[in-house]
Amino acid sequence: MSSKYSVSLAKIISDHSFEVIFTPRDTSEIYITSQDVNRPGLIFTGYNDYFDPARVQFLGLAEIEYLISIGEEQSQISLTRLFVNQPSAVIITRNLECSDFIVELAKKYEVPILRTSDTTSSCMSAIIAYLSVELAQRITRHGVLVEVSGEGVLILGDSGVGKSETALELIKRGHRLIADDAVEIRRVSARTLVGSAPDNIRHFIELRGVGVINARRIFGMGAVKMTEKIDMVVQLEPWDNEKVYDRMGLDNEYTDILGIKVPVVVVPVKPGRNLSIIVEAAAMNNRQKKMGYNAARELLHNLGMTDEIVPEEKELEVWHTF
């Protein structure tokens, strides 16, 4: 899958400790733009109708042994079919030997050659996961991202509503800060959003009347985290006496972020409300809902307003059958 984003080959090499066998120019000037990777078995046999040169190509034990089995002349033809398409990079796994002919083709067609001691499957899995994050579709939202009891909570709201103060109180209660003010959100899969802070403002919190503080230096390394999956959104808004707020939470409400539906709760703000405890409760309640338990449904069942059996009662019924 092509992406409008890119990551430099130099960063990939640094993050995965690849050995550079050949590069046509500085690796910081070479960019990878596809999240997908490939093992070039088909193109070795002459079928290249759907070959994508933007993909990183892997030469593992199976590919190398196949080239050896078909003889030197035919293997050179097969390798030429690969390199003439100028793939973005070729990675040789298991520290397998790179033949002089491969290096000659790499020089001729300006294809970077890397090598790793990892197995092909493990290296491919690592690169796919890595590229899915680095090349993911992304947006930046004004808000705060915190990890609360293992749940990634994105706190949104107008400026001055109390997002940073809530995050500070959550940190003091043992939770962790990911980003304040600007949250970079990436869609790393069809179901998952991951949030992080821009490098230049990571770990900083702005508190009106106090100024900017560094959460990592004040509260320690245990108070911050680099990235976190976004499990829910808490929308803070000034209390409106004319508005009717949900008091049951029977059904989830959702907001759309990069095409993914994320549970959202609206929390009205007014003096006397402890927002950090409310966010804590919302995070733990969201986790319970994901595990199949809904407190509002249990309450309605206890009041005789619904015949639906709550999960605990379902478990008891199962045990009674033994």
Which listed residue is within 22 Å of MET221 (Cβ to Cβ) and among the aliphatic types (A, V, I, L, M), from LEU193, LEU156, LEU170: LEU170
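So that you can scan it fast, the table gives a plain yes or no per residue for (1) under 30 Å from GLU97 (Cβ atoms); (2) of a type in the set (Lys, Arg); (3) in the same structural domain as LEU275 (by TED's automatic domain parsing); (4) in contact (Cβ under 8 Å) with a residue 24 or more places away in the chain:
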| position | (1), (2), (3), (4) |
| --- | --- |
| SER122 | yes, no, no, no |
| ILE127 | yes, no, no, yes |
| GLU169 | no, no, yes, yes |
| VAL183 | no, no, yes, yes |
| GLY195 | no, no, yes, yes |
| ASP199 | no, no, yes, no |
Qualifying positions in region 225-244 - more than 17 Å from the chain's Cα centre (by Cα) and surrounded by 11 or more Cβ atoms within 10 Å (Cβ to Cβ): VAL234, GLN235, LEU236, GLU237, PRO238, TRP239
Total residues in region 61-87, condition buried (at least 19 other Cβ atoms within 10 Å of the Cβ) and closer than 25 Å to VAL7 by Cβ: 4
Test for SER34: is it touching a Ser or Thr at 6+ places or on another chain (Cβ under 7 Å), closer than 30 Å to GLN137 by Cα and not charged (D, E, K, R): yes
The lone exception for ARG138 - which of (1) farther than 18 Å from ALA215 by Cα; (2) not in a strand (DSSP E or B) it fails: (2)
Strands (runs of 3 or more DSSP E) contained entirely in region 225-297, each with at least 2 residues that are not charged (D, E, K, R): 232-238, 253-257, 260-269
Pairs with Cβ under 7 Å, 6+ apart, first in region 210-236 and in the same structural domain as GLU147 (by TED's automatic domain parsing), second polar (S, T, N, Q): MET226/SER196; THR227/SER196; LYS229/THR192; ASP231/ASN286; MET232/ASN286; VAL233/THR255
Filter result for SER122 (surrounded by fewer than 21 Cβ atoms within 10 Å (Cβ to Cβ), under 29 Å from the mean Cα position of the chain (by Cα) and either closer than 24 Å to TYR47 by Cβ or at pLDDT below 95 (or both)): no
Residue list for region 52-109, restricted to those being basic (Lys, Arg), on the phi < 0 side of the Ramachandran plot and under 32 Å from the mean Cα position of the chain (by Cα): ARG55
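The values are calculated or read from the model by the stated rules, or taken from the named source; none is laboratory data. Please read all numbers here as calculations on a predicted model, not as lab measurements. Cβ coordinates were reconstructed from backbone atoms using ideal geometry, including for glycine residues, and neighbour counts include every protein chain displayed.
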